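**Student:** My questions will all concern the structure given below.
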Amino acid sequence: MIRRRLYFLCLFLIISILSFGQTQIDTTTFLPGIDSLKSDLKKYYNEKTTAEILEYNYSVKNRWLRFIPTIGFSIVPLSPILAINTQGLVQYAEHSAQKKAKIMNIEKMNSLQYEKECISLSYQYLDLKSKIMVYNFKVDNFALQTSRFQITKMAYSNNEIPPSEYLNRQIEYNNLISELKSTEMDLNSLKYKILAQFNYLP
């Protein structure tokens, strides 16, 4: 009897060692570093800003023609008169100021949006890492559950426990496997959601 207990204990320890951490998620490789994500996000907003400025400049590129001064000429007694309307120059100066303000506004809005998304990224990144830690804890517990189930399986093979007890243990064990796989799928889904949302390009 003592020998059998020692045998089961050794089996338990061996299975625990072999199964421990096999399916744990390494947070350093599962998801790119947050600095890398922010760098790609910054690149995206720089390109977005450049594209919007180019688009705006193109939309107003021929508008300067409206502000060319008009020249009038008339003949009156004694001498002719040459008149230049400078209102267009004033309007051009106003247009130039508005154009500069528009470009600054584009840059400012994209900069603010980048900062806002960086904050959102930080929260989501930490949330995912927390979920991974919980998952890894469940994996550790699953290793112990695997050892227990193997012992139960052997006990059933030796007719030491009734079929109903073995079946219940098997159902519990299968549920644990299903729960782990479901959690792993959820973590991968969150991972790719973050990569897509923050424009990460591997």
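**Student:** Name the residue, out of Leu176, Leu167, that is of a type in the set (A, V, I, L, M) and over 40 Å from the mean Cα position of the chain (by Cα).
**Tutor:** Every option except Leu167 fails the conditions.
**Student:** So Asn199 fits all but one of (1) part of a helix (DSSP H, G or I); (2) touching a residue at least 40 places away in the same chain (Cβ under 8 Å); (3) not charged (D, E, K, R); what number is the exception?
**Tutor:** (1)
**Student:** While we're on this one: If I filter the range 125-136 for residues that are more than 30 Å from Glu172 (Cα to Cα), assigned to a helix (DSSP H, G or I) and modelled with pLDDT of 90 or more, do I get at least one hit?
**Tutor:** Yes, that holds for at least one residue.
**Student:** Can you say whether Glu179 is exposed (fewer than 14 other Cβ atoms within 10 Å of the Cβ), in contact with a helix residue (DSSP H, G or I) (Cβ under 9 Å, 6 or more places away or on another chain), of a type in the set (D, E, K, R) and in contact (Cβ under 8 Å) with a residue 12 or more places away in the chain, as far as the supplied structure shows? I'd like the intermediate steps shown before the answer.
**Tutor:** Details: exposed (fewer than 14 other Cβ atoms within 10 Å of the Cβ): yes; in contact with a helix residue (DSSP H, G or I) (Cβ under 9 Å, 6 or more places away or on another chain): yes; of a type in the set (D, E, K, R): yes; in contact (Cβ under 8 Å) with a residue 12 or more places away in the chain: yes.
Yes, satisfied.
**Student:** Can I ask one more? Ala143 - would you say it is part of a helix (DSSP H, G or I), within 30 Å of Asp40 (Cα to Cα), among the small types (Gly, Ala, Ser) and at pLDDT below 90?
**Tutor:** No, not satisfied.
**Student:** Please determine, by comparing only the residues of the range 17-33 that are assigned to a helix (DSSP H, G or I) and surrounded by fewer than 16 Cβ atoms within 10 Å (Cβ to Cβ), which one is modelled with the highest pLDDT.
**Tutor:** Going through the qualifying residues, I end up with Phe30.
**Student:** Which one of these is modelled with pLDDT of 90 or more and surrounded by fewer than 12 Cβ atoms within 10 Å (Cβ to Cβ): Ile71, Ile106, Ile119? Break it down into steps so the answer makes sense when it comes.
**Tutor:** On the way: Ile71 fails: modelled with pLDDT of 90 or more; Ile106 fails: surrounded by fewer than 12 Cβ atoms within 10 Å (Cβ to Cβ).
Among Ile71, Ile106, Ile119, only Ile119 is modelled with pLDDT of 90 or more and surrounded by fewer than 12 Cβ atoms within 10 Å (Cβ to Cβ).
**Student:** Scanning the range 153-164 for residues that are surrounded by 12 or more Cβ atoms within 10 Å (Cβ to Cβ) and of a type outside the set (D, E, K, R), which turns out farthest from the chain's Cα centre (by Cα)?
**Tutor:** Ile161
The values are calculated or read from the model by the stated rules, or taken from the named source; none is laboratory data. Because the structure is predicted, anything quoted here is derived from the model rather than measured. Methodologically, a virtual Cβ is constructed for each residue, glycine included, from the backbone with ideal geometry; neighbour enumeration extends over all protein chains shown.
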